[in-house]
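Structure, as structure tokens:
The values are calculated or read from the model by the stated rules, or taken from the named source; none is laboratory data. These numbers were taken from a predicted model, which means no experiment stands behind them. When we count neighbours, we look across all protein chains shown, and the Cβ atoms used for this are built from the backbone with ideal geometry, even at glycine. Keep in mind that these areas ignore ligands, DNA and RNA; they rest on the heavy atoms of the full protein, side chains included. Shrake-Rupley method; radii C 1.70, N 1.55, O 1.52, S 1.80 Å.
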Amino acid sequence: QLGKQATGFEDPYILNSEGNVYATLGMWKDARESYVSSQRGFQAAKGFRGRNGSTTNRLDGAVYAASNAALALVQLGEEERAIKEIEAVARRAPNSSDMRVALAALYWDQGKEVAAEEQFDFACQHIMAGCSKYRDIDWVTRIRRWPPVMVSKLQSFLAIQSTASAA
């Protein structure tokens, strides 16, 4: 892997970035593998702590890498497995607006309207970062780097949200 070649060891930050490169190139299987390796790296990391001895940065990194890995599964056509992973991340990091919005889009696509609305409402009302950025498809695509299939599912969900708001 690129991260190991560059540094001599597998740095989870580099592995996550490597996954982003693969994703940009449309190489979703490779992206998924890098994200999973990044997640494992963050979980196994020892010997560094943030302010006041906290390991929050390491745990945040693991959650972010796990989120990326789960979203890549949707692009690979493994939606049921992706949902299980996204639900697991949402349980581990209940304030992840990313995973709440992803669940909303996936549930909506499955016809689970109530569950979709509940996830989106939770992200909008109970999480500081909220859902506002996820209404900006350009941000979701370019900055957050959601896979195209997920972006499409989110757009479908948001289109109904807009229609319901206008009514």
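Here residue 29 sits with roughly 130 square angstrom of accessible surface, probe radius 1.4 Å. Residues of segment 11-30 falling in the label zone of residue 60, defined by backbone nitrogen less than 15 Å from a point 7 Å along Cα to beta-carbon, are 13. When all protein chains stay in place and ligands, DNA and RNA are ignored, the 1.4 Å accessible-area order of 91, 142, largest first, is 91, 142. Across 24, 141, the residue with the most accessible area heads the list, and the full order at a 1.4 Å probe is 24, 141.
Per-peptide packing, taken as the mean over residues of other Cβ atoms within 10 Å, places 111-118, 59-66 in the sequence 59-66, 111-118 from highest down. Spin-label model, residue 143 to residue 156: label points 7 Å out along the Cα-to-beta-carbon direction sit 2.6 nm apart. Computed over segment 97-157, the range of Cα coordinates on each principal axis works out to 29, 26, 14 Å, biggest value leading.
Over all other residues within a Cβ to Cβ distance under 12 Å of residue 63, the charged ones net out to 0, with Lys and Arg as +1 and Asp and Glu as -1.
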